[in-house]
Amino acid sequence: CVMVGDGVQITGMAVVTIVFAALGFMSPASRGMLLTGMVIIYLLLGTVAGYAGVYLWKTIKGTPDGWRSVAWWNACFFPGIVFVILTFLNFLLWGSKSTGAIPISLYFILLSLWFCISVPLTLFGGFLATRAEPIQYPVRTNQIPREIPARKYPSWLLVLGAGTLPFGTLFIELFFILSSIWLGRFYYVFGFLFVVLVLLVIVCAEVSVVLTYMHLCVEDWRWWWKAFFASGSVAVYVFLYSINYLV
């Protein structure tokens, strides 16, 4: 539930940012405008993250009990990881006396924005989700888990293979993005990037649906995380491709 909520928030931030950049409201030529816009949009979409995470939790459990914990995890999980990485890198830059280190004042401003805007909005979104009607299952769920038949191949192999299809839709655009980052160029093709993002979302959804169907065909009811990681495994290929480009 937490990862789904954070994923909705990150995806929404990416879509809105790319649309605004394609329309000319955010230009990479203006120093800091694109990054500032991304941070503001991410903060404002905290309500969507809290709503999505708590709504899924309520649908699974059948009751909103414990929604505050889910909302807090939604508000702190991904930003917490980012701040830990940012702090580690900042200490390295401070130790090397680099001018690229973030000033301590800006660091506390980001923390204030997180806890004063993002966290309250996420909790508010979770509260709205408790008032919404949960999704009704079309069939009754059996309380006794059935035995899962033996498989001829491991599930993790299928999950890793599923990530190749979404990666195929973006690796060309990823090359131009990495070239812009490491070669000091401006990236302006946001219209094409928006098309690639839409295709990526569609392909990821279709891959998860097909993988879930394959698991249900062999009577494997433990499809939740496998469907999630099937689309998420594209991140492994993006990471490896980025390392390969850098090397």
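The values are calculated or read from the model by the stated rules, or taken from the named source; none is laboratory data. Quantities reported herein were computed from a predicted structural model and do not represent experimental measurements. Note that we place each Cβ from the backbone using ideal geometry, even for glycine, and neighbour counts take in every protein chain shown.
Being without any contact (Cβ under 8 Å) to a residue 12 or more places away in the chain and surrounded by 11 or more Cβ atoms within 10 Å (Cβ to Cβ) is the filter; apply it to the stretch 73-86 and report the residue that is farthest from Arg140 (Cα to Cα).
In the first step, residues of the stretch 73-86 are kept if they are without any contact (Cβ under 8 Å) to a residue 12 or more places away in the chain; the result is 80-82, 84-85.
Those still in the list that are surrounded by 11 or more Cβ atoms within 10 Å (Cβ to Cβ) too: 80-82.
On the way: Gly80: 38, Ile81: 38, Val82: 40 Å.
Per the stated criteria, the residue is Val82.
Of all residues in the stretch 177-191, which are part of a helix (DSSP H, G or I) and surrounded by 14 or more Cβ atoms within 10 Å (Cβ to Cβ)? Full working, then the answer.
Keep residues of the stretch 177-191 that are part of a helix (DSSP H, G or I), which gives 177-182, 190-191.
Answer for the stretch 177-191, where residues must be part of a helix (DSSP H, G or I) and surrounded by 14 or more Cβ atoms within 10 Å (Cβ to Cβ): Ile177, Leu178, Ser180, Phe190.
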Inset, instruction - Output the number of residues of the stretch 15-32 satisfying the condition of being touching a residue at least 60 places away in the same chain (Cβ under 8 Å) and touching a helix residue (DSSP H, G or I) at 6+ places or on another chain (Cβ under 7 Å). - result: 6
Legend entry - Unmet requirement for Ile102, which otherwise passes all of (1) surrounded by fewer than 19 Cβ atoms within 10 Å (Cβ to Cβ); (2) under 27 Å from Phe190 (Cα atoms); (3) among the β-branched types (Val, Ile, Thr): (2)
Inset, instruction - Filter the stretch 15-62 down to residues that are in contact with a Leu (Cβ under 7 Å, 6 or more places away or on another chain) and β-branched (Val, Ile, Thr), then give me how many there are. - result: 3
Legend entry - Every pair of residues 6+ apart whose Cβ atoms lie under 6 Å, when the first sits in the stretch 58-72 and is buried (at least 16 other Cβ atoms within 10 Å of the Cβ) while the second is in a loop (DSSP other than H, G, I, E, B): Lys58/Pro64; Lys58/Pro134; Thr59/Pro134; Thr59/Ile135; Val70/Cys1
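Look at Ser242 and say whether it is in contact with a helix residue (DSSP H, G or I) (Cβ under 8 Å, 6 or more places away or on another chain), under 18 Å from Gly7 (Cβ atoms), part of a helix (DSSP H, G or I) and not aromatic (Phe, Trp, Tyr). First the steps, then the outcome.
Working: in contact with a helix residue (DSSP H, G or I) (Cβ under 8 Å, 6 or more places away or on another chain): yes; under 18 Å from Gly7 (Cβ atoms): no; part of a helix (DSSP H, G or I): yes; not aromatic (Phe, Trp, Tyr): yes.
Judged against the criteria, Ser242 is not a match.
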Inset, instruction - Return yes when Thr141 is modelled with pLDDT of 85 or more and hydroxyl-bearing (Ser, Thr, Tyr) and no when it is not. - result: no
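Pick from Thr36, Thr47: which is under 30 Å from Phe192 (Cα atoms) and surrounded by 13 or more Cβ atoms within 10 Å (Cβ to Cβ)?
Values: Thr36 fails: surrounded by 13 or more Cβ atoms within 10 Å (Cβ to Cβ).
Selected residue: Thr47, the only one of Thr36, Thr47 that is under 30 Å from Phe192 (Cα atoms) and surrounded by 13 or more Cβ atoms within 10 Å (Cβ to Cβ).
Restricting to the stretch 121-142, name every residue that is under 25 Å from Tyr42 (Cβ atoms) and surrounded by 13 or more Cβ atoms within 10 Å (Cβ to Cβ). So that I can check it myself, show each step before the final result.
Within the stretch 121-142, the first condition is being under 25 Å from Tyr42 (Cβ atoms), and the residues that meet it are 121-132.
Within the stretch 121-142, Leu121, Thr122, Leu123, Phe124, Gly125, Gly126, Phe127, Leu128, Ala129, Thr130, Ala132 meet the criteria.
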Legend entry - Cross-chain or 6+ apart pairs with Cβ under 9 Å, the stretch 155-171 first and modelled with pLDDT under 85, then outside any helix (DSSP H, G or I) and of a type in the set (Asp, Glu): Ser155/Asp220
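Look at the stretch 1-33 and say how many of its residues are basic (Lys, Arg) and buried (at least 22 other Cβ atoms within 10 Å of the Cβ).
0
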